[in-house]
Amino acid sequence: MSDVVVRPARPEDLDSVAELRWRWTRENHGEPDLPLDEFVPRFVDWGKRNDASHHCFVAVLDESVIGMAWLAVTRRVPQPHAFERASGDVQCVYVLPERRDDGLGGRLIEAVLELARELALERVSVHSSDRAVSAYSRHGFAVSPRLLQTEPGAGSRP
């Protein structure tokens, strides 16, 4: 695994990252609505437009992107003790199936958390798959009784 490099994504990596995102969708939710050849350019454009708030890391082997992880940073409302505040959300961690179970996902998570430390984020959350909970736990993530969520479009309003 030492031949795999984990680093911040470069603009020229975004096509490969888009393909990974498309593969993730197909693997987890069936055939995507958008064909790959339509999704990739739209994703690349999105990535370039959102690079200030969404930071991508890639795992690269022999110049091929084989994994990715994103840190989405959200500014928080200022308070008198800390005017500049932000939190993060780990998103879209994905490693090609044939490269899983050898610590690469953990290396991507650690890269994202290192950036979170550099940015002095107050907290970092993640919406994990069942399979990945143990990986996030090994990197310090824990269940929080105060972090709640809702799905506004789900129709279960009082």
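Per-structure values
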read-out: Filter pass, Arg7 being closer than 21 Å to Glu114 by Cβ, open to solvent by less than 90 Å² (accessible area, probe 1.4 Å) and not acidic (Asp, Glu); value: yes
read-out: Of residues in the range 7-59 being in contact with a strand residue (DSSP E or B) (Cβ under 7 Å, 6 or more places away or on another chain) and either free of Cβ contacts under 8 Å to residues at least 12 places away in the same chain or among the aromatic types (Phe, Trp, Tyr) (or both), the one farthest from Val90 (Cα to Cα); value: Trp24
read-out: Filter result for the condition that a residue is within 16 Å of Arg7 (Cβ to Cβ), at pLDDT below 95 and out of contact with any Phe, Trp or Tyr (no Cβ under 9 Å at 6 or more places or on another chain), over Glu114, Glu63; value: Glu63
read-out: Members of the range 34-59 that are crowded, with 18+ Cβ neighbours inside 10 Å and part of a strand (DSSP E or B); value: His55, Cys56, Phe57, Val58, Ala59
read-out: Residues satisfying the stated conditions in the range 4-33, i.e. among the hydrophobic types (A, V, I, L, M, F, W, C) and part of a helix (DSSP H, G or I); value: Leu14, Val17, Ala18, Leu20, Trp22, Trp24
read-out: Qualifying positions in the range 76-94 - out of contact with any Asp or Glu (no Cβ under 9 Å at 6 or more places or on another chain) and under 30 Å from Ala59 (Cβ atoms); value: Asp89, Val90, Gln91, Cys92, Val93
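The values are calculated or read from the model by the stated rules, or taken from the named source; none is laboratory data. Here the structure is a predicted model, which means the values were calculated and not measured. Ideal geometry is used to build each Cβ from the backbone, glycine not excepted, and the neighbour counts take in all protein chains shown. Side chains included, ligands, DNA and RNA excluded: accessible areas come from the protein's heavy atoms. Shrake-Rupley method; radii C 1.70, N 1.55, O 1.52, S 1.80 Å.
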